[in-house]
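S.K.: Here it is: the structure, laid out below.
The values are calculated or read from the model by the stated rules, or taken from the named source; none is laboratory data. What you see is a predicted model; the values in this text were computed from it and never measured. In this analysis, Cβ positions are derived from the backbone assuming ideal geometry, glycine residues included, and neighbour counts consider all displayed protein chains.
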Amino acid sequence: MIGRRKRKQTAPVPKRRKHKQPVPVPKRRTHKSTAAVVTGVGEYSSPACLMHEIDAGQGSLGVPGVRIKRIYEEPGQADGFRVLVDRLWPRGIKKETAAIDAWMRELAPSTELRKWFSHDPLRWTEFRRRYLRELKEHADALKTLRQRAQRQPVTLLYAAKDVDINHAVVLQQAIKQVARHVPVMTGGRAS
């Protein structure tokens, strides 16, 4: 057996798995008796339900109000007037492609408050209290934003990763408290 080479022992090659099929996205369609856009996710049982939700400010069908949205999400027609409410420009976003109508730095938390908060959920309650106190100093800017929200949809843009614990949520609620009749929407839905 001289001159014969030993074969390297290799592990058996696992069979390839088939890729999972993508989940079908519901097609957009319109309700027969109204011109409102309805997705397959939250269909309405009747046109009366649709009108009830629009009256309550819960629809994202062009009803003026205040929405919040991450600036990294694609701009949409329902966004209306897009306002960046961060003190610092978001990383990785070009000013040419940001599609913002205004940058209201003065409505962002102060640098000291932002650094103290550091998006710590345990500090959220105290952050809200301190930030609302800071917002009282900028009542004119809030009033301007509130008046615009009565005429057209306003989208507050922020860069924070957490969609539930950030200053835009507090700002949205502050605008809602000032004007009870302006619907407040989160991600296309009212809250």
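S.K.: Check off (1) over 16 Å from residue 167 (Cα atoms); (2) under 19 Å from the mean Cα position of the chain (by Cα) for residue 104 and give me the number that stays unchecked.
M.R.: With respect to (1) over 16 Å from residue 167 (Cα atoms); (2) under 19 Å from the mean Cα position of the chain (by Cα), residue 104 is out only on (1).
S.K.: Right, here's the next one. Is it true that residue 84 is buried (at least 20 other Cβ atoms within 10 Å of the Cβ) and hydrophobic (A, V, I, L, M, F, W, C)?
M.R.: On the way: buried (at least 20 other Cβ atoms within 10 Å of the Cβ): yes; hydrophobic (A, V, I, L, M, F, W, C): yes.
So residue 84 fits the description; yes.
S.K.: Among the residues of segment 98-157 satisfying the criterion of being assigned to a helix (DSSP H, G or I) and aromatic (Phe, Trp, Tyr), which is surrounded by the fewest Cβ atoms within 10 Å (Cβ to Cβ)? I'd like the intermediate steps shown before the answer.
M.R.: Let us first name the residues in segment 98-157 that are assigned to a helix (DSSP H, G or I), namely 105-107, 111-117, 121-151.
Those left that are additionally aromatic (Phe, Trp, Tyr): 116-117, 124, 127, 131.
Numbers: 116: 14, 117: 19, 124: 17, 127: 23, 131: 20.
Of everything passing the filter in segment 98-157, 116 is surrounded by the fewest Cβ atoms within 10 Å (Cβ to Cβ).
S.K.: Follow-up question, since we're still on this one. Output the residue which, of all residues in segment 58-77 that are among the small types (Gly, Ala, Ser) and surrounded by fewer than 16 Cβ atoms within 10 Å (Cβ to Cβ), is modelled with the highest pLDDT. Please lay out each step first, then the result.
M.R.: Within segment 58-77, the subset among the small types (Gly, Ala, Ser) is 59-60, 62, 65, 76.
From the residues that got through so far, the ones that are surrounded by fewer than 16 Cβ atoms within 10 Å (Cβ to Cβ) too are 62, 76.
Values: 62: 37, 76: 88.
Ranking the candidates gives 76 first.
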